[in-house]
Amino acid sequence: MGSHVDFVPPSHHPKEVETKKEEKIDYLNLPCPIPYEEIHREALMSLKPELFEGMRFDFTKGLNQKFSLSHSVFMGPMEVPTQSSETIKVPTAHYEFGANFLDPKLMLIGRILTDGRLNARVKCDLTDNLTLKANAQLTSEPHMSHGMVNFDYKGKDFRTQIQMGNGALFGASYIQSITPHLSLGSEVFWAGQHRKSGIGYAARYNTDKMVVATGQVASTGMVALSYVQKVSEKVSLASDFMYNYMSRDVTASFGYDYILRQEVLVSCVSTKDSFGFLSRHKG
């Protein structure tokens, strides 16, 4: 007698479809953005290092936890502003004496040079949300002294600034977080002495993986774009593009930061035939 075997096909269970839960944005708890004037700060660290031509010696002595004195000697050419686009360099040498007072809510910095210039900076937290910043330069040359006062108010998800300076200079800026990663801002200014005014707009996008993209445009003709990406814990790349649609000037730069155990290397190159390299030793 022949045997009969029933073939039962395997049951096909429906595959579970993986769906990404959309991240809910809590618009009532957005982060506070950085100040409007600092939206390009990550790019500037790589593309605008503190370079100089000549020789400089700096020494700082701390007297206590809050007060310190500094000494600086510089020898080398100094750029003198002119009416034309050409830069004039004049050989110079000077000594600078400085005093610093650093407190969590108060910062006082003073510098005096042998040529008679006096520089002073003040930063004071008036409240937990309101900060006063002021800087001034006094010089013996007529009409060359200047000063600036800045009030910075830090809200829950916004920042606003008001600036006042000599020469009937007034300015105001506002930046607002739109999402956890995107912030938009605007600024206006009026220079009464030169009878000039302007308005600008900016956008900044940053992620948790240290990717920062910024864009800025102003009625003065300036368009600025920057992009910074942290490739690893030690290496970050930066680039920027600047265009003035009134003068038709175009500049593009590329740079990187490489952090070693005892040293930080910064290098940048620009389309204006300039190359910079900076090495900072961490003692």
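Nothing in this text is a laboratory measurement; each read-out follows from the coordinates by a stated rule. Computed from a predicted model, the values in this text were never measured in an experiment. All Cβ positions, glycine included, derive from the backbone under ideal geometry; neighbour counts span all protein chains shown.
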Original post:
Given a cut-off of under 8 Å on Cα pairs at least six residues apart, what relative contact order in percent is computed for the chain?
Top reply: 12 percent
Subject >> Mean separation of Cα contacts under 8 Å (6+ apart) over length of the stretch 48-170, as relative contact order % >> reply: 13 percent
**OP:** Pop a pseudo-label 7 angstrom from the Cα along the beta-carbon direction at both residue 172 and residue 55 and give the gap in nm to one decimal.
**Re:** 5.2 nm
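Net charge near residue 120, counting Lys/Arg +1 and Asp/Glu -1 over other residues with Cβ under 15 Å of its Cβ?
Spelling it out: positives minus negatives among the neighbours equals +4.
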Original post:
So how much slack lies between residue 114 and residue 38, counting 0.36 nm per residue of separation and subtracting their Cα-Cα distance, in nm?
Top reply: 24.2 nm
**OP:** Using the charge dipole of the stretch 174-236 (Lys, Arg: +1 at Cβ; Asp, Glu: -1 at Cβ; taken about the Cα centre), state which of 207, 193, 182 has its Cα farthest towards the positive end.
**Re:** 193
Original post:
When the chain is modelled as a GNM with alpha-carbon springs shorter than 10 Å, which of 188, 73, 223 fluctuates the most?
Top reply: 73
Original post:
What relative contact order, as a whole-number percentage, does the stretch 188-283 give when Cα pairs under 8 Å and 6 or more residues apart are counted?
Top reply: 15 percent
Original post:
For the chain, what mean projected area does the convex hull of the alpha carbons give, in nm²?
Top reply: 26.8 nm²
Original post:
What length, rounded to one decimal in nm, is gained on full extension from residue 252 through to residue 210, with 0.36 nm per residue of separation minus their alpha-carbon distance?
Top reply: 13.0 nm
**OP:** Given the peptides 156-169, 240-253, arrange them by the average over their residues of other C-beta atoms within 10 Å, most packed first.
**Re:** 156-169, 240-253
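Compute the signed sum of charges (Lys and Arg +1, Asp and Glu -1) over the other residues within less than 14 Å, Cβ to Cβ, of residue 147.
With Lys, Arg at +1 and Asp, Glu at -1, the net is +3.
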**OP:** Using +1 at the Cβ of each Lys and Arg and -1 at the Cβ of each Asp and Glu in the chain, identify which of 46, 217, 173 lies farthest towards the dipole's positive end.
**Re:** 173
Subject >> Dipole magnitude of the chain about its Cα centre (Cβ charges: Lys, Arg +1; Asp, Glu -1), debye to nearest 20 >> reply: 520 debye
Original post:
Could you give the distance between the Cα centres of the stretch 132-186 and the stretch 237-251, to the whole Å?
Top reply: 24 Å
